[in-house]
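The values are calculated or read from the model by the stated rules, or taken from the named source; none is laboratory data. These numbers come from a predicted model, not from an experiment. Quick reminder, even Gly has a Cβ in these numbers, built from the backbone with ideal geometry, and neighbours come from all protein chains shown.
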Amino acid sequence: MNRRTAIIAGASGLVATAAITSPAQAPEPTNPELEKVHALLKAHDDATTNHDLDGVMKCLADKAAVMGTGPGEMWSGQEEVKDAYTHFFEGYDKGEQDFEYHFKVGNLGSEMGWLMVAGNVKGKKDGKEFTYPLNVSATVAKSGGAWKIASMHFSTLTGGPATK
């Protein structure tokens, strides 16, 4: 698996799942708005894991942007983001992602919020297992009264291949 494939293999789902399970340094879990963001990010994670492009797009703001690690790894607007996710899905087998988090932080205001996570992604591509480290940050914003993912940035080490 090359670096670009490793980067895109599970980036989207990592943000979603980490935010849902992250009580450390996050706003109070009883906040009804936070629960809505958790539901949004869970829907994004499920859609990403299941290669459901329509489901992913329903979770993103109309002018969402996604940024990776390297040069040219930036996608903005509906068409570019759809194309990026189509390629992300090629990096892992449908339903084959698992995330382990070592650090989580975030905050939620009335109209915007942010999340950052760091950890490892484990998955399978063509039945072959892989693991790599991943950092992700995301911004969520209200759009028409509903929370949407406005931006996402992910990065991984670029110095070597993914580990087994």
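Quick one: what pairs do we get from the range 33-47, first residue touching a residue at least 40 places away in the same chain (Cβ under 8 Å), second surrounded by 19 or more Cβ atoms within 10 Å (Cβ to Cβ) and outside any helix (DSSP H, G or I), C-beta under 6 Å, 6+ apart or different chains?
From residues that are touching a residue at least 40 places away in the same chain (Cβ under 8 Å), the pairs are L34/L108; K36/W147; V37/V140; V37/W147; L40/W147.
Please enumerate the residues belonging to the range 100-127 that are in contact (Cβ under 8 Å) with a residue 60 or more places away in the chain and among the charged types (D, E, K, R).
K104, K125
Taking only the range 68-82 into account, find how many residues are surrounded by 15 or more Cβ atoms within 10 Å (Cβ to Cβ) and either in a loop (DSSP other than H, G, I, E, B) or under 11 Å from the mean Cα position of the chain (by Cα) (or both).
3
Name every residue in the range 42-61 that is among the polar types (S, T, N, Q) and either touching a His at 6+ places or on another chain (Cβ under 8 Å) or under 19 Å from W75 (Cβ atoms) (or both), in order of residue number. Break it down into steps so the answer makes sense when it comes.
Of the residues in the range 42-61, the ones among the polar types (S, T, N, Q) are 48-50.
Residue satisfying the conditions is T48 alone.
Specify the residue that is modelled with the highest pLDDT; the eligible residues are those in the range 83-109 that are crowded, with 20+ Cβ neighbours inside 10 Å and over 21 Å from Y132 (Cβ atoms).
Across the range 83-109, the extreme among qualifying residues is L108.
Only one of (1) on the phi > 0 side of the Ramachandran plot; (2) crowded, with 17+ Cβ neighbours inside 10 Å; (3) charged (D, E, K, R) fails for D126. Which number is that?
It fails just one condition, (2).
Polar (S, T, N, Q), modelled with pLDDT of 85 or more and outside any strand (DSSP E or B) - does that describe any residue in the range 113-133?
No, the conditions are met nowhere in the range 113-133.
Conditions: (1) out of contact with any Asp or Glu (no Cβ under 8 Å at 6 or more places or on another chain); (2) over 25 Å from Y132 (Cα atoms). L34 meets all but one. Number of the miss?
Result: L34 passes all but (1).
Consider Y92 carefully, then state whether it is under 16 Å from the mean Cα position of the chain (by Cα) and more than 30 Å from E33 (Cβ to Cβ).
Numbers: under 16 Å from the mean Cα position of the chain (by Cα): yes; more than 30 Å from E33 (Cβ to Cβ): yes.
Spelling it out, Y92 is indeed under 16 Å from the mean Cα position of the chain (by Cα) and more than 30 Å from E33 (Cβ to Cβ).
For G95, are the conditions met, namely being touching a residue at least 12 places away in the same chain (Cβ under 8 Å), touching a Ser or Thr at 6+ places or on another chain (Cβ under 9 Å) and in a loop (DSSP other than H, G, I, E, B)?
In short, yes.
Do we find a residue being of a type in the set (G, A, S), outside any strand (DSSP E or B) and at pLDDT below 90 anywhere in the range 49-67? So that I can check it myself, show each step before the final result.
Quick first cut of the range 49-67, residues of a type in the set (G, A, S) only: 55, 61, 64-65.
In the following step, the residues that additionally are outside any strand (DSSP E or B) were identified as 55.
Now narrow it down to the ones that are at pLDDT below 90: none.
No.
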